[in-house]
Amino acid sequence: MSFDRSRLPDPRTYYEGQGLALSKGKKWVTTSCVFHGGSDSMRINLDSGAFSCMAGCGASGGDVLGYHRALHQDDFVSACKSLGCWIEDGKTPTKPPRPTPLPARDALEILAFESLLVAGTASSIGEGYQLTEQDKQRLLIACGRIQQIHGTFL
Ligand SMILES: [Zn+2]
């Protein structure tokens, strides 16, 4: 039984999978610090997975395993297991569970809401209303959400 570092998830995939929005950047990116609630103080190295909070809350570590342990207050072996990088007796470890998909009810509510928004906007245009930049951005967001739901349930 041992830890297999090569099976650690890719840092970008892992951190995005934790619901973090990463800033643009190839190597170093910024995101929110969930440890103290800072909106943009966490710096992450996408090569190594290292993380460090610039606000000085003390959250820092060398890889996604360190992050996972800090987040879940897991011991080393449990964290390795949940990240799928713990080999038991030479067997292939089980993959970490897929993130819970969006519940169908929530998806339907989003679709209902966004369709109303689109219909409302269309009817405003029909009445001669000029869309603002904000309106257009909001429509793109609506489109993105619908596409995302489509992708989720496809
Ligand atoms: Zn912090």
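Residues satisfying the criterion are present in the range 11-19 (criterion: charged (D, E, K, R), part of a helix (DSSP H, G or I) and either surrounded by fewer than 14 Cβ atoms within 10 Å (Cβ to Cβ) or more than 14 Å from the ligand (Cβ to nearest atom) (or both)).
Of all the residues in the range 1-49, those that are touching a residue at least 40 places away in the same chain (Cβ under 8 Å) and among the aromatic types (F, W, Y) number 3. Candidates are the residues of the range 36-63 that are of a type in the set (D, E, K, R) and surrounded by 13 or more Cβ atoms within 10 Å (Cβ to Cβ); the one that is nearest to A79 (Cα to Cα) is D63.
Read-outs throughout are calculated quantities, based only on the coordinates presented, and are distinct from any laboratory measurement. Quantities reported herein were computed from a predicted structural model and do not represent experimental measurements. So basically every Cβ, Gly included, is an ideal-geometry build from the backbone, and we count neighbours across all protein chains shown.
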